[in-house]
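Engineer: Please see the structure below; I have some questions.
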Amino acid sequence: LALRALAVLLVAALALDALPPGRAEPTPGVSLDLDRVVPEPTETSDYLGYQEARGMVQRLSDMAPDFVEMLDLGPSFGLDNLQGGHDTFPVFAVEVTNERSSVPREQKKALVFQLSIHGNEKGGREGGMRVLEDLARPLLYGEDYRALLDDVIVVFTFPNVDGWNNEELPYRTGSCPPRFPVESVPCPKGSGYTRGNGRGADENRDWPTLGWYETRGGREQALSEPEMVAMNAYLLGFRGRTLAAADIHGMLSPADGGSGGQGAETVCFPAVGAPQPLPFGPRGGGERCLHEGHFVLGLMSARRADPLLTARDVRYAERSKAALNDMAAKEFPYWTSAPSLGYAGGPWMEWGTVWDTIGYTDSGFTGDWFGQTLGAAGLDYEMSYNHVVFDNHYVPEVNKMHVESVRAIVRAFLDEAREEQSVALKVDGTVAYLQDAREVTDADDPPQQGPHLNSTDDDAYEVPYRVTPQRFWRDLARSAPAGSVVPVTAEDLAAGRFHSAKTLVIAGDAWDLVKDSSTALQHLAMHLDQGKRIVLTDSAMRALEPLGLAKEGSVAESKQYLGYVDLARDHPLAQGVRGLARQTYDGVPLGFPVPQDAPVWVVAKDALDGADIAGTTGAEGNASLGKVQAGKGEVVFLGAVLPTPSEAAYHPYGLADYAVTYTGYQLLYNALGVTQEDAPLGQPLQPAAEPPAGQPRATSAPALPMLVAGAALLALALRRRDG
Ligand SMILES: [Zn+2]
């Protein structure tokens, strides 16, 4: 500890002068790049300190004044120091862009990288600092991206400066500050880097996100912490022009992502001593070690994402997965060479929804706010061995893993930002959906009682809302070929004016509009007799009973953590579902508290005659996805995808219309006869309407109307500028 303290003091002394930082003594036989301002992880003996890092950024800014700018956003909550005083530290962001380009700052697109919002998850800021230098000087891959910096501001944020500074000697031995009473955030006293800020608050639960908002455990409201007030005010400036955002975190160890609510981590690393299994997970016996699981997980945000937004998310996920796996094969072949063990093994990086990867979700996540408020594509990243492990012990190889992972993520985002993201849907016949004009609105919602009413910082988010899951169909129709997804009214349905459609879909509570109409029921049966298809989702599965396809009283609502289906993965209705994903919708943005409040409709497994079950939900094994032959046609049901948002729980920042996951999309597309084609990764930016000769675009001819309609797509495409 004495040596450690000395090192901290030395670093602090150097940082005071804002000079190039001190470096470790060269290791014999290791080649050093002594020109770097921010040393490579294997060329230093400690993590970067806060003051030290700011000195480095200042130095980079002096070296590249037209490209690098450090912005102080506001003071942190602060830490008590050894002398009995209290110090606060500026929360800051660094912008990298060509300030001399002809594009005005307010018109530039943004790429946002949030680094280490949990102060003990050091890898984000460790990697971000190196990337800053790579871009600024430019080193390594920096030169390749200079043209992009004419149009784009690459933003790096350092939101948790208390949790960072707490490791320094004057603070780590200080008294416990007035505590934010969240049990999972321990008092910083005596520890090094901390998850929370100086008050012990978890900044990554403090964002104004849609839907149910957690107030238990002493959590008061969004934007309760000064750091998040400052960050929110700054980042709102990029609303609507953020191409993508990444929120870079750490986890204890490699994780078996993609197992749907079971994605537990298991600690098993020699340096930690005896295996320390977490008390959950399918095989939480600590038997999995370094070579197992995924070293980086990508977590998709929860929001209303139309087909194009979903495709954008997937592209950033796939692009970063490819970049990370390439990097790992080159830099860490000995870490990844062990054979995978069942579902726990696999590539260096895997991605999925939050629940499908780490097994829980919550309100107030930055990543959800990035998606919901900034309109950004992107992911949260969880890097292994990047948490309390190695807090007080610097392992160069492990820090290198985090730094190289961040480099790969940023590179992937820069690459993707230069390209067009598009989606082309093909529809088998016409899909007609039953229209339901009802909306869930705050207009008839009694004023909410809740702690957020005390806050003025979140006033911008207290806006009226009118939401409906029907928005999903309107968004789908915009992305599909013109005329292929069309509404029918309840009157049309009762009069049989829908039989020209190959598929009729009745989603959720829209069933209420026709459930008492005997002529509607007759026309549904007639539709099936014509060899056509009816798709029933969510509460509309009740129609199985009057159609005579399920026994009376066998269709029921169950309450689950989130919307999900355990899939028979070789079933045609489950085709195209990635890995072990099973989450079909996010409940939190729709107002459903976790755990156990998200509706999933099921039909008793023994109540269907001759049904073809493709998926179940719940311990009882009741069916939530399947197909029943009826007449010459068929009825497909999916019990968890488009529930009506709920106002029952506290939802101070409004509700989302729908929150279908990429898995939910895939299951719906399978049910509806919709197929999606994506532009391949690496396709250069091209005018959308003019495919180069001899190079067929992924967007095939029938998709042209979609391209014309997809103004959002074109707006996303960066202008290609010459010279
Ligand atoms: Zn974290």
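The values are calculated or read from the model by the stated rules, or taken from the named source; none is laboratory data. Note that this is a predicted model, so its numbers are computed, not measured. Glycine also receives a Cβ, built like all others from the backbone with ideal geometry; neighbour counts cover every protein chain displayed. We work out accessible area using only protein heavy atoms, side chains counted, and drop any ligands, DNA or RNA first. Shrake-Rupley method; radii C 1.70, N 1.55, O 1.52, S 1.80 Å.
Engineer: Using the C-alpha gyration tensor of the range 510-581, what are the square roots of 5 times its eigenvalues, in whole angstrom, with the largest one first?
Structural biologist: Computed over the range 510-581, the values are 27, 17, 10 Å.
Engineer: Quantify how much of the Cα-Cα distance distribution of the range 37-153 extends past 21 Å, in percent.
Structural biologist: For the range 37-153, the share of Cα pairs beyond 21 Å comes to 43 percent.
Engineer: Another question about this same structure. Could you work out how far apart the two model spin labels at residue 102 and residue 596 are, taking each label as a point 7 Å from the Cα in the direction of the beta carbon, and quote it in nm?
Structural biologist: Placing both labels 7 Å along Cα→Cβ, they lie 6.3 nm apart.
Engineer: Just to verify a number: what accessible area does residue 393 come out at with the full protein assembly present, 1.4 Å probe, Å² rounded to tens?
Structural biologist: Taking all protein chains as shown, residue 393 has close to 110 Å².
Engineer: Taking all protein chains together and a probe of 1.4 Å, list 509, 134 from the most accessible to the least accessible.
Structural biologist: Order by accessible area, largest first: 509, 134.
Engineer: Tell me which aspartates and glutamates have Cα within less than 14 Å of residue 321's Cα, excluding those fewer than 8 residues away on the same chain?
Structural biologist: Straight-line reach from residue 321, under 14 Å: 313, 350, 380, 382, 404, 415, 416.
Engineer: Please work out the Cα center distance from the range 487-521 to the range 72-103, rounded to the nearest Å.
Structural biologist: First find each Cα centre; the distance between them is then 58 Å.
Engineer: Another one. Provide 299, 521 ordered by accessible surface of protein heavy atoms (probe 1.4 Å), highest first.
Structural biologist: 521, 299
Engineer: Grab the eigenvalues of the alpha-carbon gyration tensor for the range 389-506, scale each by 5, take roots, and send me the semi-axes largest first in whole angstrom.
Structural biologist: Equivalent-ellipsoid dimensions as semi-axes: 45, 30, 12 Å.
Engineer: Over 20 Å between C-alpha atoms is what I'm after, so list which of 605/627; 551/605; 108/400; 605/632; 532/627 land there.
Structural biologist: Going by Cα-Cα distance, 108/400; 605/632 fall outside the 20 Å limit.
Engineer: Return one whole number: the accessible area per residue of the range 492-555 in Å², for a 1.4 Å probe.
Structural biologist: About 38 Å² of surface per residue is accessible.
Engineer: Considering only C-alpha atoms, what is the centroid distance from the range 380-445 to the range 634-658, in Å?
Structural biologist: The range 380-445 and the range 634-658 have Cα centres spaced 22 Å from each other.
Engineer: Still on this structure, please answer the following. Can you tell me which of 586-592, 355-361, 633-639, 230-236 comes out highest on packing, and rank the rest after it, using the mean Cβ neighbours within 10 Å?
Structural biologist: 586-592, 633-639, 355-361, 230-236
Engineer: So the label point goes 7 Å from the Cα of residue 519 along Cα→C-beta, right? Which residues of the range 489-509 then have their backbone N under 11 Å from it?
Structural biologist: Once the point is set 7 Å along Cα→Cβ of residue 519, 491-497 turn out to lie under 11 Å by backbone N, inside the range 489-509.
Engineer: So, one more: Heavy atoms only, probe 1.4 angstrom, no DNA, RNA or ligands counted: give me 368, 428, 80 ranked by accessible area, highest first.
Structural biologist: Descending accessible area places them as 428, 80, 368.
Engineer: How high is the FRET efficiency from residue 397 to residue 437, r the C-beta distance, R0 51 Å, rounded to 0.05?
Structural biologist: Calculated value: 0.25.
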